[in-house]
Amino acid sequence: MILYDIPDIRLFWSEDERFLKQFIGPHIWQKIKFQPLSRYPPLINDISFWLPSEMYSQNDFYDLVRTIGGDLIEKVVLLDEFAHPK
């Protein structure tokens, strides 16, 4: 814990990839410093909704999500688009 500045011993039993990936290095002598994790576990929500085609920007929606979610939102990504032929 002292070597890596890890504040909580319970992290050693964690299976969280965000914690474990921090300690993968090319050699054992590489200097590694623990980076604190978000106190919230990762959560992925997949949502679908209709958006108008005119006068709309993806950034408008991203701003809306971040305004409502605040610091809880870490990343907003458009994964897929579908346009009905009619």
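The values are calculated or read from the model by the stated rules, or taken from the named source; none is laboratory data. The shown structure was predicted, so the numbers you read here are calculated from the model rather than taken from an experiment. Virtual Cβ from ideal backbone geometry, glycine too; neighbours counted across all protein chains shown. Accessible surface is based on the protein model in full, side chains and every heavy atom, while ligands, DNA and RNA are left aside. Shrake-Rupley method; radii C 1.70, N 1.55, O 1.52, S 1.80 Å.
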* So which residues in the range 1-58 are under 30 Å from A83 (Cβ atoms) and in contact with a helix residue (DSSP H, G or I) (Cβ under 8 Å, 6 or more places away or on another chain)? -> L51
* Asked: Tally time: how many residues in the range 21-53 are hydrophobic (A, V, I, L, M, F, W, C) and open to solvent by less than 80 Å² (accessible area, probe 1.4 Å)?
  -> 5
* Asked: Quick one: would you say S53 is under 16 Å from the mean Cα position of the chain (by Cα), assigned to a loop (DSSP other than H, G, I, E, B) and small (G, A, S)?
  -> no
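Just to check your reading of the model, which residue among I24, I32, I47, I28 is closer than 30 Å to L3 by Cβ and modelled with pLDDT under 80? Lay out the reasoning, then the answer.
Details: I24 fails: modelled with pLDDT under 80; I32 fails: modelled with pLDDT under 80; I47 fails: closer than 30 Å to L3 by Cβ.
The unique qualifying residue is I28.
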* To do: Give me a count of the residues in the range 56-84 that are among the aliphatic types (A, V, I, L, M), more than 13 Å from the chain's Cα centre (by Cα) and not in a helix (DSSP H, G or I).
  => 3
